[in-house]
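S.K.: For reference, the structure I am asking about is given below.
The values are calculated or read from the model by the stated rules, or taken from the named source; none is laboratory data. Every value quoted in this text rests on a predicted model; they were computed, and no experiment measured them. Neighbour counts run over all protein chains shown; Cβ positions are idealised from the backbone, glycine included. What goes into the accessible areas is simple: the full protein's heavy atoms, side chains included, and nothing from ligands, DNA or RNA. Shrake-Rupley method; radii C 1.70, N 1.55, O 1.52, S 1.80 Å.
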Amino acid sequence: MPSSHPWCHGNITRSKAEDLLSKAARDGSFLIRDSESIPGAYALCVLYQNCVYTYRILPNGDNKLSVQASEGVPIRFFTLLPELVEAYYSPNMGLVTHLQYPVQREDEVEEEQESNNNPPQLPPRNFPAESKESESKTSEQASKSLSDTYLMKLQHMDLSILSEEHQMAIQEYFRTSICLDVEQVQNGNPNLPGLKKLIMAICKNLNSEISRILPTLEMFRRALDQQLSPGIGPYPKQICVDSGQSVSCRLEELTKLLYSIEDKAKSSVFESAGHDGGHRKSLIPVVTFEVKQESLGISTKMLLKVDVEDGKIYFKKSKDGPEDKYFVHNKILQLVKSQKMHTKLIIVVETEKEKILRKEFVFDDTKKREGFCQLLQQMKNKHSEKPEPDMITVFIGTWNMGNVGPPHNIRSWFQCKGQGKTRDDTADHIPHDFYVIGTQEDPLSDREWADTVKSVLRNITNISFKQVAIHTLWSIRIVVLAKPEHENRISHVFSDSVKTGIANTLGNKGAVGVSFMFGGTSFGFVNSHLTSGSEKKLRRNQNYASILRFLNLGDKKLNPFDITHRFTHLFWLGDLNYRVEFPSSEAEYIVTKIKQQQYQELLSKDQLSMERKDGKVFLHFDEEEITFAPTYRFERDTREKYAYTKAKATGTKYNLPSWCDRVLRKSYPLVHVVCQAYGCTNDIMTSDHSPVFATFEVGVASQFVSKQDPNTASQGGIQIMNCVAILLTKSKTKFFIEFHSSCLEKTMKTSEGDNTEQSDGSVKVWFGNQVELTPIISDPEYLLDQHILICVKSTDSDESYGEGCIALRAAQFCYREFQITLTHHGEKTGTLTGGIQLRTSEGKPTEKLYDFIKIGDDNVPPKGKSGDANKVSTTQAHDISNPSYMGLSFRSGNVIDKGWSYSMPPRALPGQGCKDPKKAPHDVVIRSPTGKSSRGEDENASEMFDNPLYGSMVKAHGQAKDQNPPQTDHLTLTDLLPASSKATDGEADRPPVPAPRNRSFTCSENKPQSPTPSNLAPSTHKKPVVPSRSEGGMGQNRPRLPNKSRQEPQAAKPRDYRDSSEIPSKQRHPARPSPPQPNKDMHPDVPKTGRPVN
């Protein structure tokens, strides 16, 4: 696009274009931007009567441009955009009004290169010379100057340690050959023959030694290969003789061979000599914990010995005494963490006589208890009979290396040792499944850094990790390593980078990213280095927006969605460079607060936290509570002093201590994700930044293969109904919804909705009654792990006006209302409310491995199992409330909106609401959110208690009283409960009751809740556990749920709509009264104004 014209705005966003036109506020104002839906196309945006009309400008096969205007107007073709714009200044050309006033471009805030830093090394560029004569003179002068410079350097060096032959060779090269190499480069030959000749002469003996060594090493490597063969074949010729390869290539070959030998030898040793009595020698050593056990009010010391490799836990009364008893991994049923007492743990085990025992122990501190739980979880995972894992752990590390290589020992980084939420020593040897390391200002090569990290991990874990991907943009690098056993589970690996340096063309700032599929779960990782400088907060926000728009990762079929919606789990790490917003005169005050470990006041002025709270960056991302000191700007070689001043020619510049280095994440709704560590090291001091680490336990889904007979299994269905969107736009267009999911055979879409303009300038769109999506697999084990991505698009330009995500697990039990925040390019663009109901085939989801650990209520008495009072039920793993496991953040009394919510389940009357599994075989059986069957017991709301390991909540509750909660469109819990269950007038000021939740899901809240269990109505029916409270836009007089006695929709054979890209609409259910809008059926043909371009 020609950028010299004032109306040409390039790749600005649609919302930005609307803002510019609104500010112009004159009919006929216009601009042209790049199309967001079609590469190479443009969008002509025109303002008329305070509404923005968008017309696509499409190129044809001959690159001629035409405008998609009103029907009946002859199509005209133009060679250049200026010609097109000139023509449409005339009236009656098919636009809503003719073009009159071009809207000027806004100057973007550019990053200035800091004068005190060395400028980034730029790629070589060729500048045309004015004449051959001047070029020749300049070249000769440059060559002579280069030769003199290097000869002068040699004079100041001690060459006595070199042989006379090598001294003469180097001097001769700098005297004559380097000038010849310069001439060769100028003539287009980049091979530097003079340098090559010098290296061959110096490495003459090394080359012959490599030729002698390589065959021996290759023979040894082949001997280590455990393959049965009649003999060893002849050696490749290139190994036996000098093949003329460069010395660097042969050294690389030698290095690869040595690593291969080391890996094979270790593997052989571990698999043979590592066996002892039929059990593999432990890679995770046996760990013993000293605990206390209380019995009849008497405290007794006990020892718990955990053998992960053998899958056993031993109970001992004394260190040197015999084991009293032991339990094998499959007899250890559950770990229950106490909420009140953070060192207390209940171990539920099964005896040989099938008795369920509940053993209570108290650990020395919370970290010891957490280390014990991680070891037991590792044991359960290791000895699980599941063919594929359903949970893994991920290490995330970020470090600005300050253009200096790493020190010899960086183990503490990968073992999460230092400040903040750190790992206990007992968990040191538990390897993570993935290691994702992001570096900035990294002076090493890809190979050097990858080999360094692999070597450290090999020393810690005895595992040779496989490299999944490595991507570098200048000195910004990301490396992803995985356990060898996961190699065949990883697919669809992509990497990309975005430059955000000066004029968005230099890579000294920007981002690199990697994405891949792990079984059926998508992962994305972004490492970014944003603009520096305390005053450049807006530029950092622009950097983030550019990375979000242009980083090309993940499934290319999800083109309407940016990277925040493309992945089940997205992790964003790096030197984000957001600072603490204090005046420079407060530098010593900040340092004093840091020494006192009083971070809250400083964090309240953290730019990133403030920008996130305002919804300007990282919308709906989560960050674990920061409990470590600022990681920048230290004096190098110490962590005791912050170097917050810089002497510059213009005066003293201040870089106040700040949390520049961060790790954030965003996951799909209702997926398992737990942050186990978040902190920084305090013993790696080569840079002015400290390395930051974070570890996560995340749920994953395998590539599902249904065991059901497709001929007999009932057809599943996903019903989405009553969708209403509120869009924050001034565009005058019609809208439709697209549904994307891997569980659908193809992308599905609705017909256009009915628009109603709101008084606040937004547009309300009603999308008809009900649509049904047909999943490719109906098995509940598969469907409950799936998500539906929703995109609201315009019919005129096929561009997205907002995207969101719905979890099918939300409708596991019965019809569920939802509200999701629509976003586009990281900005909130509206909301979408509606309802969802899931119909699956018969089947029972298996229990997840991460259900092994739960948070329990100490006040709940033991409940019987199968009528035996001595047995403890372990089926209620989800009758708990632990906001930290749920992804909630109680910082400064506010909870960051996660962008989605689901309604509380109704107090179902007999014959209403959730289906009876015995009478509705095609509906989902009532289970816990991860597949455990409900037993019908009454369910009590658990209280929330202060938990120092996962962040204090008591303090947050206290703060919330003095704060005004943010205005939202969401409902509170009391809005969803029947009138009889709401608080009385005397209790009107009491906050709503927290819904029971399990540790496995993330959820959304708007303000912290305090416990008020008394206002829950009793229920004769087991209330299903709910992932989160509704924050939807429905009123108190909520319509009744579909009556169970109605005709079941699955009684008739459902039509397979996968052959059509359009979704037929069904009549909405009589029990769900519709709004006054007219009914609209789904049409097989999209209106002409909204036909999507394939």
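S.K.: Taking Asp754 and the conditions (1) at pLDDT below 95; (2) open to solvent by 30 Å² or more (accessible area, probe 1.4 Å), which numbered condition does it fall short on, given that it satisfies the others?
M.R.: Tallying (1) at pLDDT below 95; (2) open to solvent by 30 Å² or more (accessible area, probe 1.4 Å), Asp754 fails exactly one: (1).
S.K.: Got at least one residue in the range 590-608 being closer than 21 Å to Arg539 by Cβ, open to solvent by 60 Å² or more (accessible area, probe 1.4 Å), part of a loop (DSSP other than H, G, I, E, B) and not aromatic (Phe, Trp, Tyr)?
M.R.: Taking the range 590-608 as the starting set, the residues that turn out to be closer than 21 Å to Arg539 by Cβ are 605-608.
The next check asks that each one be open to solvent by 60 Å² or more (accessible area, probe 1.4 Å); those that pass are 605.
After this cut, where a residue has to be part of a loop (DSSP other than H, G, I, E, B) as well, the list is 605.
With the extra rule that they be not aromatic (Phe, Trp, Tyr), the set shrinks to 605.
Yes, because at least one residue in the range 590-608 is closer than 21 Å to Arg539 by Cβ, open to solvent by 60 Å² or more (accessible area, probe 1.4 Å), part of a loop (DSSP other than H, G, I, E, B) and not aromatic (Phe, Trp, Tyr).
S.K.: Then there is this: Could you list all residues from the range 478-518 that are among the charged types (D, E, K, R) and crowded, with 24+ Cβ neighbours inside 10 Å? First the steps, then the outcome.
M.R.: Step one: of the range 478-518, the residues among the charged types (D, E, K, R) are 483, 485, 487, 489, 496, 499, 509.
If the condition is that a residue be among the charged types (D, E, K, R) and crowded, with 24+ Cβ neighbours inside 10 Å, then Lys509 is the only one that fits.
S.K.: Quick check on Val526: is it touching a Phe, Trp or Tyr at 6+ places or on another chain (Cβ under 8 Å), assigned to a strand (DSSP E or B) and either at pLDDT 95 or above or on the phi > 0 side of the Ramachandran plot (or both)? Break it down stepwise before answering.
M.R.: Values: touching a Phe, Trp or Tyr at 6+ places or on another chain (Cβ under 8 Å): yes; assigned to a strand (DSSP E or B): yes; either at pLDDT 95 or above or on the phi > 0 side of the Ramachandran plot (or both): yes.
It is true that Val526 is touching a Phe, Trp or Tyr at 6+ places or on another chain (Cβ under 8 Å), assigned to a strand (DSSP E or B) and either at pLDDT 95 or above or on the phi > 0 side of the Ramachandran plot (or both).
S.K.: Is at least one residue of the range 76-91 surrounded by 12 or more Cβ atoms within 10 Å (Cβ to Cβ), assigned to a loop (DSSP other than H, G, I, E, B), touching a strand residue (DSSP E or B) at 6+ places or on another chain (Cβ under 6 Å) and free of Cβ contacts under 8 Å to residues at least 24 places away in the same chain?
M.R.: yes
S.K.: May I pose another question? What number of residues within the range 324-354 satisfy the criterion of being open to solvent by less than 80 Å² (accessible area, probe 1.4 Å) and either touching a residue at least 24 places away in the same chain (Cβ under 8 Å) or under 17 Å from Phe289 (Cα atoms) (or both)?
M.R.: Kept after step one, since they are open to solvent by less than 80 Å² (accessible area, probe 1.4 Å), are these residues of the range 324-354: 324, 327-329, 331-339, 342-351.
Then drop every residue that is not either touching a residue at least 24 places away in the same chain (Cβ under 8 Å) or under 17 Å from Phe289 (Cα atoms) (or both), which leaves 324, 327, 329, 332-339, 342-348.
Counting residues in the range 324-354 that are open to solvent by less than 80 Å² (accessible area, probe 1.4 Å) and either touching a residue at least 24 places away in the same chain (Cβ under 8 Å) or under 17 Å from Phe289 (Cα atoms) (or both) gives 18.
S.K.: Name the single residue that is most open to solvent (accessible area, probe 1.4 Å) among those in the range 796-838 being polar (S, T, N, Q) and over 15 Å from Lys730 (Cα atoms).
M.R.: Going through the range 796-838, the residues polar (S, T, N, Q) turn out to be 797, 800, 812, 819, 821, 823, 829, 831, 833, 837.
Now narrow it down to the ones that are over 15 Å from Lys730 (Cα atoms): 812, 819, 821, 823, 831, 833, 837.
Working: Gln812: 1, Gln819: 5, Thr821: 10, Thr823: 9, Thr831: 14, Thr833: 36, Gln837: 20 Å².
For the range 796-838, the residue satisfying everything is Thr833.
S.K.: Residues of the range 555-599 being closer than 22 Å to Asn527 by Cα and among the charged types (D, E, K, R), which ones? Please lay out each step first, then the result.
M.R.: Initial filter on the range 555-599 (closer than 22 Å to Asn527 by Cα): 555-556, 558-559, 561-580.
Once the filter is applied, which keeps residues that are closer than 22 Å to Asn527 by Cα and among the charged types (D, E, K, R), the range 555-599 yields Asp555, Lys556, Asp562, Arg566, Asp575, Arg579.
S.K.: Residues in the range 577-587: is at least one of a type outside the set (A, V, I, L, M), touching a helix residue (DSSP H, G or I) at 6+ places or on another chain (Cβ under 8 Å), part of a helix (DSSP H, G or I) and surrounded by fewer than 21 Cβ atoms within 10 Å (Cβ to Cβ)? Can you show your working first?
M.R.: Within the range 577-587, the subset of a type outside the set (A, V, I, L, M) is 577-579, 581-586.
Going one step further and asking which of them are touching a helix residue (DSSP H, G or I) at 6+ places or on another chain (Cβ under 8 Å), we end up with 577-579, 581-582.
Within this subset, residues satisfying the condition of being part of a helix (DSSP H, G or I) are none.
Checked against the condition, which is being of a type outside the set (A, V, I, L, M), touching a helix residue (DSSP H, G or I) at 6+ places or on another chain (Cβ under 8 Å), part of a helix (DSSP H, G or I) and surrounded by fewer than 21 Cβ atoms within 10 Å (Cβ to Cβ), the range 577-587 yields no hits at all.
S.K.: Same structure, new question: Being surrounded by 13 or more Cβ atoms within 10 Å (Cβ to Cβ) and either of a type in the set (Gly, Ala, Ser) or at pLDDT below 85 (or both) is the filter here; which residues of the range 160-172 pass it?
M.R.: Taking the range 160-172 first, the residues surrounded by 13 or more Cβ atoms within 10 Å (Cβ to Cβ) are 162, 166-167, 169-172.
Matches in the range 160-172: Ala169 only.
Condition check ((1) within 22 Å of His569 (Cβ to Cβ); (2) modelled with pLDDT under 95; (3) out of contact with any strand residue (DSSP E or B) (no Cβ under 7 Å at 6 or more places or on another chain)) across all residues:
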site	(1), (2), (3)
Ser797	no, yes, no
Glu803	yes, no, no
Leu808	yes, no, no
Thr831	no, no, no
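S.K.: Those residues that are under 15 Å from Gln293 (Cα atoms), assigned to a strand (DSSP E or B) and open to solvent by 20 Å² or more (accessible area, probe 1.4 Å), I need them from the range 307-323; list them, please.
M.R.: Residues satisfying the conditions are Tyr314, Lys316.
S.K.: Restricting to the range 626-659, name every residue that is of a type in the set (A, V, I, L, M, F, W, C), out of contact with any helix residue (DSSP H, G or I) (no Cβ under 9 Å at 6 or more places or on another chain), part of a loop (DSSP other than H, G, I, E, B) and open to solvent by less than 20 Å² (accessible area, probe 1.4 Å).
M.R.: Within the range 626-659, the first condition is being of a type in the set (A, V, I, L, M, F, W, C), and the residues that meet it are 626, 628-629, 634, 643, 647, 649, 656, 659.
Okay, now just the ones that are also out of contact with any helix residue (DSSP H, G or I) (no Cβ under 9 Å at 6 or more places or on another chain), so 628, 634, 643, 647, 649.
Keeping just the survivors that are part of a loop (DSSP other than H, G, I, E, B) gives 628, 643, 649.
Hit for the range 626-659 is Phe628, nothing else.
S.K.: For the range 22-49, which positions are at negative phi, open to solvent by less than 10 Å² (accessible area, probe 1.4 Å) and either among the aliphatic types (A, V, I, L, M) or touching a residue at least 60 places away in the same chain (Cβ under 8 Å) (or both)? First the steps, then the outcome.
M.R.: First pass over the range 22-49, keeping only residues at negative phi: 22-24, 26-27, 29-39, 41-48.
When the remaining residues are screened for being open to solvent by less than 10 Å² (accessible area, probe 1.4 Å), the result is 29-33, 41, 43-47.
The answer is Ser29, Phe30, Leu31, Ile32, Ala41, Ala43, Leu44, Val46, Leu47.
S.K.: Filter the range 220-253 down to the residues that are outside any loop (DSSP other than H, G, I, E, B), at pLDDT 60 or above and surrounded by 13 or more Cβ atoms within 10 Å (Cβ to Cβ) and list them by number. Show your work before the answer.
M.R.: From the range 220-253, those outside any loop (DSSP other than H, G, I, E, B) are 220-224, 237-240, 247-253; that's our starting set.
Still in the running and at pLDDT 60 or above: 220-224, 247-253.
Hits for the range 220-253 are Phe220, Arg221, Arg222, Leu224, Val247, Arg250, Leu251, Glu252, Glu253.
S.K.: Would the range 744-763 turn up any residue that is touching a residue at least 24 places away in the same chain (Cβ under 8 Å) and under 30 Å from Asp424 (Cα atoms)?
M.R.: No.
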